[in-house]
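The values are calculated or read from the model by the stated rules, or taken from the named source; none is laboratory data. Every value quoted in this text rests on a predicted model; they were computed, and no experiment measured them. Every residue, glycine among them, receives a Cβ derived from its backbone with ideal geometry; neighbour counts consider all protein chains shown. The accessibility values were calculated without ligands, DNA or RNA, using every heavy atom of the protein model including side chains. Shrake-Rupley method; radii C 1.70, N 1.55, O 1.52, S 1.80 Å.
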Amino acid sequence: QMTFYTVRKGGYVPGRDPFVDEVMGQWRDKYSSTQLARVAVSTFNVNGRVPPSCIEGWLDTKEDVDMFVIGLQEMDLSVGTYIMENNDKEKKWISTIIRSVPTSMGKFTMVTSVRLVGMLLVILAKENGPIHVSDVSNTFVATGVQVLMNKLGNKGGVATSLLMNNTRVAFVNSHLAAGDESVGRRNEDYREISQTSFSNGLNLFDHDVLIWLGDLNYRVNSQVNGLSNSDVRRIASSSEMTKLTKFDQLREQQLFGRVFVGFKEAPIAFPPTYKYDIGTHLWDSSEKARCPAWCDRVLWWTSDDETKMSATSYTSVQSVTLSDHKPVIAELNVEVRKMNQKLADSLYEEAIREADRRANELLPQISLSCQEVDFGDVYFMKTATISIVIKNEGKSGVRFKLKERPGIGICAEWLNVFPQHYHLSLGQQVVMTLGITVDKRTSWSLEGKHPILSDILVLSLEKGRDHFIPVSASYTHRVFGVSLSHLFAHKADLLISFEDAPSLPVPRSLYALVLSIRKMGVDKLSFGDLNDEDHFDRIRESLERECPDLTKIHPINIFALYSALLRLIDSLKDPLVPEIHRSEWLLFSHDSSRLWSLIDSFPRENREVIVFLTDFLRELFHCNSNGRDQLRVWADVIVRETSTSAPSSPRLVALRSLVDYSRDTALFHLS
């Protein structure tokens, strides 16, 4: 009888069939030997600093190593690097890294490098070393909200897949979301990066070994445990510093099973690596006075207990004062396999028969910890997650995947699932994470419809049955991602709540945001600040609860309010400039009088919001020296262009005309 397995001919090639791989994996000692690979892994957030010729002491190791794996974050913080590729700093940092390897270690050559904006992963291997490196593949993934000025790729990860002898190893260098309270956003970044795949078809967890390094940005939960910033600084500077690790957010989230499940990390016996005054060993003395934390970490994961791995050293390099972070370096011993191809080929036919026997003897069986997923209430751009544990209950390995459905795909656009395919060995289990994010397009599609999100995942077992997992959530249109008429329908109550609030014909949420920005001081807006998604969630919740004074949110900053204002206008279902008037708007871009006359023909709601916004922008540009740099962003928001190739200059010129000449001034000159 011809079977799935017996049609395979030729020698053994790992990765071609997971069931044969499982048998061969159990027989690996018959055809392969092990060799110890010594790998030095260092992560360093360089804070945009100019790379020196060499960083003494950075890459000094206690033992000789076969490879260096270096991950940088914030390699380049200049605004231009987010818009166009600039390789100058990348080349300089690679030269610095190579020159920082002690000459006593021998000569190292670069295997590969991969970059995403400020993140850089560089891998060096000892020339003529004992470990053969091959089959190199790189990838990257940007994380965070993809809207307007946040389309920067300043957070995310870069990764490399390669073979060390015959052991498949992946390296990830990541920079996760910043902020003491952004734990949820960091967890989401981790899940997004975890789903990346390489050009060779492998995802991260298809490897034998996965080493994850970077500025993970997890902080110390000190306040909830009764410790002040001063207490943390005092303990972090003492011999009892490791007592703070019990408040470490990363370890907490690992225990909760939310991130880095199954990963290991060497014991931390070094001071927190963030945040220092640059050029010193002193904790942050700036106005923000950041609390010390172990942001910079190195962790590892192995696919099974047979793959041996350990750390011989894990420390920070305190002598380096180039940045507000200290570099961290881990020396890892990785047991890699070297396959005897002839022996493997001689066992291949027998392995096919054994895999065939197991497949015919037993159908795959799995159990799901949850048969149906109900997220309950979900909110605009607030990611909600639920996990399902999938366990192999059968007596042989099983591969599952989520089926694609014609016209739909694996899942709805608002739903994210990871992993989407996996091979479970005997008794193994995996956590599948489902995440819902309602973005503006999802919100637009639901307006006027039943506010229930629903989908059905089809989890298919190879050579087994399909499992159907219903997924549902409730979504209510409130402030963001709605039509302008929806905003106007709920304005009265909030205006009454403001002291001395005039009867302005604008939506309450818009008025609240602008008034709160004015109260905090338009001149204090710094457009280079990073936008914390937790801040946005608090602003959204306050607007939805009809709390008018957003300055009372704690903690909050003016840039978060400004970003929320931009997002509010960007998330409107229809653009402020109606599509039927777009061509006239662009045609009259240099003529403020004709533009204002055109605006007078707009629907009242659109007209009043444009007047209100241009008044605010006029004040912004007058009071803030960097305000005019925001013209292009606002022009793109007010006149929404569906074509990515359309030039933005006419939109920018039109908005500048309206801001420079108010309606009354422009129409007075016309008369």
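Scanning segment 528-544 for residues that are hydrophobic (A, V, I, L, M, F, W, C) and open to solvent by 40 Å² or more (accessible area, probe 1.4 Å) gives a single hit, L530.
Just name the residue that is modelled with the lowest pLDDT out of those in segment 347-373 that are open to solvent by 40 Å² or more (accessible area, probe 1.4 Å) and part of a loop (DSSP other than H, G, I, E, B). Restricting to residues being open to solvent by 40 Å² or more (accessible area, probe 1.4 Å) and part of a loop (DSSP other than H, G, I, E, B), the top hit is L362.
Of the residues making up segment 545-559, those that are open to solvent by less than 30 Å² (accessible area, probe 1.4 Å), at pLDDT 80 or above and in contact with a Lys or Arg (Cβ under 8 Å, 6 or more places away or on another chain) number 2.
Just one of the listed residues (K246, K264) is modelled with pLDDT of 95 or more and open to solvent by 50 Å² or more (accessible area, probe 1.4 Å), and it is K264. Within segment 80-130, the set of residues being modelled with pLDDT of 95 or more, surrounded by 14 or more Cβ atoms within 10 Å (Cβ to Cβ), of a type in the set (A, V, I, L, M, F, W, C) and closer than 23 Å to K62 by Cα comprises I94, I97, I98, V101, F108, V111, L121, V122, I123, L124, A125. Could you please let me know if T307 is over 26 Å from the mean Cα position of the chain (by Cα) and either in a strand (DSSP E or B) or surrounded by fewer than 14 Cβ atoms within 10 Å (Cβ to Cβ) (or both)? Answer is no for this residue. Go through (1) more than 15 Å from the chain's Cα centre (by Cα); (2) open to solvent by 40 Å² or more (accessible area, probe 1.4 Å); (3) at pLDDT 90 or above one by one and return the number of the condition E181 breaks. Condition not satisfied by E181: (3). The criterion of at least 1 residues that are at pLDDT below 90 and either open to solvent by 20 Å² or more (accessible area, probe 1.4 Å) or under 30 Å from A178 (Cβ atoms) (or both) is met by the following helices (runs of 4 or more DSSP H) wholly inside segment 560-671: 582-587, 631-638, 649-660, 663-670. One residue stands out in segment 383-393 among those that are surrounded by fewer than 19 Cβ atoms within 10 Å (Cβ to Cβ) and more than 24 Å from G184 (Cβ to Cβ): the one that is modelled with the lowest pLDDT, namely E393.
Please indicate, with yes or no, whether at least one residue in segment 228-246 is part of a strand (DSSP E or B) and touching a strand residue (DSSP E or B) at 6+ places or on another chain (Cβ under 9 Å). The answer is no; no qualifying residue exists. Please verify whether I193 is free of Cβ contacts under 8 Å to residues at least 60 places away in the same chain, in a helix (DSSP H, G or I) and surrounded by 17 or more Cβ atoms within 10 Å (Cβ to Cβ), treating the condition exactly as stated. Answer is yes for this residue. Evaluation of D208 against the conditions (1) among the charged types (D, E, K, R); (2) over 17 Å from A142 (Cα atoms); (3) touching a residue at least 40 places away in the same chain (Cβ under 8 Å); (4) surrounded by fewer than 22 Cβ atoms within 10 Å (Cβ to Cβ) shows that the sole unmet condition is (4). Just checking, which of G376, G397 is loosely packed, with under 14 Cβ neighbours inside 10 Å, touching a Ser or Thr at 6+ places or on another chain (Cβ under 7 Å) and not acidic (D, E)? The match here is G376.
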